[in-house]
Amino acid sequence: MEEVACRINIEKCSANKVIGYIRNMRVEVRGTTLIVEGSLTKWFLGNNYARTLALWEIRAAIKSLSKALNVPIEKAKVTRIDVAFNFSVKNEPWLYMKRLLFLESYYRSNIDKSSLYFDKYDSQLLFYDKVADLKTKEDAGSIQGVEDFEGLNVLRYELRIKKVTKIFGEVRGEILFDSEFCLLLLNKWYMCYMNIDKQFDESPLRFDGVRHLKESCVAQCMSAMNMFDLVEEAFAKGNINSAEKFAIIKELRRIADLCFNRTQVPLINEFTTKIKNAHINLKRRYSVASRRLEMLKRWVDG
């Protein structure tokens, strides 16, 4: 407690607890337990929006934090991991968020157009307007950087692993700059987005048979409202059981595949393409880093 406390700006102090900050990191000491919370990207770059960190930069950030606290952070147990990227989009972020409808086993909540959550006990997906977020923090005097996004619409997609051990088993700080683990995180971030049921543009009514008419009417409803939310609401009220809920969602997805032309959805396709490109580019970077590391190991081993 004495060693770490002298290295941070103390905010609260009691007989067995010290809470304070070192730059952007919140540090708490409880007896012999040390808790450090904050963004490694912000620690290393000064912000969390300019760009992503390379593997060597993640390692350097952890080493730098270890030196600042005089504690081997690479040996620390990781309890939460956030994976996030910013995307410059053509339209206001809320127009994209409203088309992200449903993710199996997650609870969806939308807050004042500026943010969208898909939440469950061990993880959370968050989509939000990064410019609006920076403006709020700037008004509060805690951050600067809005000028970097002048005239831009920026949508941030963040995957928060709230129960790291539950999903990945025990994770230590040193694995955060391991290429295979970073690829695993990246793929989870990507697949969580791809698994979201999305709203499509209006589908025309069909009159070439009663069944097609019924299906196209359901498709019209799906383009006008979040049918998945209505199903969840009916289930929460006890109007349908879990088997009925599963069957209805399965049918909604079948009708979506049948009635909607997924290539004719500019907003969703624009954002999904950006997600795919980020996934491809980061996979390439981490894979190259992995091959270089293997070559270095072979060279060292002689």
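The values are calculated or read from the model by the stated rules, or taken from the named source; none is laboratory data. On a predicted model such as this, the values are computed, not experimentally measured, just so you know. Here Cβ is always computed from backbone atoms with ideal geometry, including for glycine, and neighbour counts include all displayed protein chains. Remember, those area values only see protein heavy atoms, side chains included, never the ligands or the DNA or RNA. Shrake-Rupley method; radii C 1.70, N 1.55, O 1.52, S 1.80 Å.
Is it the case that ASP129 is farther than 22 Å from GLU233 by Cβ and either modelled with pLDDT under 95 or touching a Ser or Thr at 6+ places or on another chain (Cβ under 8 Å) (or both)? So ASP129 passes the test. The one condition from (1) more than 30 Å from PHE127 (Cα to Cα); (2) without any contact (Cβ under 8 Å) to a residue 60 or more places away in the chain; (3) aliphatic (A, V, I, L, M) that VAL27 does not meet is (1). For the range 158-189, a residue qualifies if it is β-branched (Val, Ile, Thr) and either assigned to a helix (DSSP H, G or I) or farther than 20 Å from TYR106 by Cβ (or both), and the qualifying residues are VAL164, THR165, ILE167, VAL171, ILE175. CYS192 meets all of the listed conditions (1) part of a helix (DSSP H, G or I); (2) modelled with pLDDT under 90; (3) not acidic (Asp, Glu) but one, namely (2).
Quick test of your reading of the structure: SER66 fulfils all but one of (1) closer than 30 Å to GLU180 by Cβ; (2) under 16 Å from the mean Cα position of the chain (by Cα). Name the failing condition by number. The one condition SER66 does not meet is (2).
Taken over the range 148-201, the criterion of being open to solvent by 20 Å² or more (accessible area, probe 1.4 Å), among the aliphatic types (A, V, I, L, M) and farther than 30 Å from CYS259 by Cβ is satisfied by LEU152, ILE167, ILE175, LEU176, LEU183, LEU184. Take the conditions (1) outside any strand (DSSP E or B); (2) closer than 16 Å to GLY173 by Cβ; ALA15 misses just one of them, which is (2).
Residues checked against (1) within 26 Å of LYS198 (Cα to Cα); (2) surrounded by 19 or more Cβ atoms within 10 Å (Cβ to Cβ):
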| residue | (1), (2) |
| --- | --- |
| THR33 | no, no |
| LEU45 | no, no |
| ALA68 | no, no |
| VAL78 | no, no |
| GLU92 | yes, no |
| LEU100 | yes, yes |
| LEU103 | yes, no |
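Screening the candidates ARG211, ARG285 for the property of being without any contact (Cβ under 8 Å) to a residue 60 or more places away in the chain, on the phi < 0 side of the Ramachandran plot and open to solvent by 80 Å² or more (accessible area, probe 1.4 Å) yields one hit, ARG211. Give just the number: which of (1) part of a helix (DSSP H, G or I); (2) in contact with a strand residue (DSSP E or B) (Cβ under 8 Å, 6 or more places away or on another chain); (3) within 23 Å of ASN281 (Cβ to Cβ) does LYS42 not satisfy? Status for LYS42: all satisfied but (2).
Of all residues in the range 190-205, those that are touching a residue at least 40 places away in the same chain (Cβ under 8 Å) and in contact with a helix residue (DSSP H, G or I) (Cβ under 8 Å, 6 or more places away or on another chain) total 9. Residues in the range 60-112 that are among the polar types (S, T, N, Q) and under 26 Å from SER123 (Cα atoms): THR79, ASN86, SER88, SER105, SER109, ASN110.
Of VAL71, VAL83, all but one fail to be of a type in the set (A, V, I, L, M, F, W, C), within 27 Å of TYR21 (Cα to Cα) and over 18 Å from the mean Cα position of the chain (by Cα); the exception is VAL71. Listed here are the strands (runs of 3 or more DSSP E) enclosed by the range 93-140 that have at least 1 residues being farther than 20 Å from VAL83 by Cα: 100-102, 107-111.
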